[in-house]
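Here the structure comes first, spelled out in structure tokens, and everything after it is commentary.
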Amino acid sequence: MSSFQKLWENIQLHKENHESHDDKSMSAIRTGKGVDEKFWENFLLVINNADDLSELLDVPVTKISTWHEKINHVLERVKSADSDKKPSSYRKLLKTGQPEAQDDEVITNSEQS
């Protein structure tokens, strides 16, 4: 049983770390778009000159060469997430077994006791 518990904890930890990383990368993309709508398009043009940028930033060319794919991937995820329709209101309620309250009737915790 402890092996299953360890496996479960590792899965949850991996999910949390992955989601945290995703949130940070998407946040970075949104920050760039906040500066200028074409910020990332311009940035991708700049990193086409990987050799000179490598010299300037002291970053290996091989690392810079992966940036295009990473940025484009996250740009697509941000675009997809932003285009998803969010519910404007939550009109459908689940039945709780409690009597339905009238619009002008408010039930507080102290009243329920």
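Quick look at the numbers
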{"item": "Mean separation of Cα contacts under 8 Å (6+ apart) over length of the stretch 6-83, as relative contact order %", "result": "32 percent"}
{"item": "Estimated inter-spin distance, E9 and E69, nm [label 7 Å along Cα→Cβ]", "result": "3.4 nm"}
{"item": "Additional length obtainable on full extension of the chain from Q98 to L53, 0.36 nm per residue less Cα span", "result": "9.7 nm"}
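Taken together, the values in this text are just the output of simple stated rules run on the coordinates, not laboratory data. Just so we're clear, the structure is a prediction, and the values are computed from it rather than from any experiment. No Cβ is skipped: glycine too gets one built from the backbone with ideal geometry, and neighbour counts run over all protein chains shown.
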